[in-house]
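Peer 1: Before I ask anything, here is the structure I am working with.
The values are calculated or read from the model by the stated rules, or taken from the named source; none is laboratory data. Since this is a predicted model, take the numbers as computed values, not measurements. Every residue, glycine as well, gets a Cβ built from its backbone with ideal geometry; the counts of neighbours run over all protein chains shown.
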Amino acid sequence: MSTSIHTLGSIAVGDLVFTVAPMTDRKTLEITVDRDASLVLRAPAEASRERVERFIQSKRSWVYRKLAEKDALVGPPIVKQFVDGEGFAYLGRNYRLKIEDGIDGVRLERGRFRMSPETAAGGDEAMRRWYVRTGEQWLSRRVEPWANRMGATGVGVAVRDLGYRWGSTKGESYINIHWATLQLAPSLIDYVIVHELAHLKELNHTDRYWAAVERAMLDYERRRADLLTAGARVWACHG
């Protein structure tokens with residue numbers, strides 16, 4: 001027996017997760033991509049999960065393109081194995097993993113990521129924690145000059161898992177950066193920083209918003225294009 005999609009709060013198809021909008025009397029399926037890169041599915045009351053999954057599969061290329069237009073982290077999921085020789089990026093450089101006894105947590109030293117066999121057993125979470133911890137220290141220093149240039153003071157920064165968003169804002173003086181961003185080259189991380197700092201004063205991508213981005217970063221369009229290419233190679237642990 002088919003399951004109605006409206007009995008679910010969300011639905012995941014591959015690496016894409018959609019919030020199911022409340023039921024209405026609509027007759028067609030529709031996907032929208034919100035400003036924050038969240039995905040919303042609207043469906044008729046009688047729509048089954050099977051029908052919805054087929055529809056989403058047919059629209060995957062369109063969804064990826066729309067996410068890219070919003071400077072979102074997109075691309076097919078990249079799977080990492082926590083074994084000797086696996087590569088992990090940090091600030092645009094690739095480092096090989098070394099599994100060895102006696103290592104507490106995750107370390108980046110002597111040109112390698114290092115962790116114990118016990119840590120490797122939960123490697124995904126351990127690496128995420130490392131990027132968060134290291135990223136908050138690095139970004140707190142990196143954000144301040146850009147914030148000063150853009151007339152923002154006292155801006156705080158947090159590193160979090162933001163799904164398909166490179167960054168987001170909170171209130172008028174706080175930005176969030178996806179932990180996966182720390183894998184990018186510093187010039188691309190700077191673009192993400194400037195993109196979010198501009199949102200502190202202008203919520204939407206208006207002409208005034210892009211003018212503020214351009215004043216701070218004249219070559220933002222090139223960096224934005226480079227981010228789309230680089231983002232497809234970033235490991236982000238999408239489910």
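Peer 1: Which members of the range 63-78 meet the condition of being touching a residue at least 40 places away in the same chain (Cβ under 8 Å) and surrounded by fewer than 16 Cβ atoms within 10 Å (Cβ to Cβ)?
Peer 2: Pro76, Pro77, Ile78
Peer 1: Also, quick follow-up: Does the range 90-130 hold any residues that are under 22 Å from the mean Cα position of the chain (by Cα) and either in a loop (DSSP other than H, G, I, E, B) or of a type in the set (Gly, Ala, Ser) (or both), and which are they?
Peer 2: Those that are under 22 Å from the mean Cα position of the chain (by Cα) and either in a loop (DSSP other than H, G, I, E, B) or of a type in the set (Gly, Ala, Ser) (or both): Leu91, Gly92, Gly122, Gly123, Ala126.
A quick yes/no check of all residues on (1) surrounded by 13 or more Cβ atoms within 10 Å (Cβ to Cβ); (2) among the aromatic types (Phe, Trp, Tyr); (3) within 24 Å of Asp124 (Cα to Cα); (4) touching an Asp or Glu at 6+ places or on another chain (Cβ under 8 Å):
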position	(1), (2), (3), (4)
His6	yes, no, no, no
Phe18	yes, yes, yes, no
Leu41	yes, no, no, yes
Ala45	no, no, no, yes
Val52	yes, no, no, no
Ser61	no, no, no, no
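Residues are listed down the side, and each one gets a yes or a no for (1) modelled with pLDDT under 85; (2) surrounded by fewer than 16 Cβ atoms within 10 Å (Cβ to Cβ); (3) not assigned by TED's automatic domain parsing to the domain that holds Arg128:
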position	(1), (2), (3)
Ile11	no, no, yes
Arg26	no, yes, yes
Arg35	yes, yes, yes
Phe55	no, no, yes
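Peer 1: For a quick check of your reading of the model, give me the residue pairs whose first member lies in the range 107-123 and is on the phi > 0 side of the Ramachandran plot, whose second is in a strand (DSSP E or B), with beta-carbon atoms closer than 7 Å and at least 6 apart or on different chains.
Peer 2: From residues that are on the phi > 0 side of the Ramachandran plot, the pairs are Gly111/Tyr95.
Peer 1: Answer yes or no: is there a residue in the range 82-89 that is farther than 28 Å from His199 by Cα, under 23 Å from the mean Cα position of the chain (by Cα) and not in a loop (DSSP other than H, G, I, E, B).
Peer 2: Filtering the range 82-89 down to residues farther than 28 Å from His199 by Cα leaves 82-88.
After this cut, where a residue has to be under 23 Å from the mean Cα position of the chain (by Cα) as well, the list is 82, 86-88.
Then keep just the ones that are not in a loop (DSSP other than H, G, I, E, B); that gives 87-88.
Yes, the range 82-89 contains a residue that is farther than 28 Å from His199 by Cα, under 23 Å from the mean Cα position of the chain (by Cα) and not in a loop (DSSP other than H, G, I, E, B).
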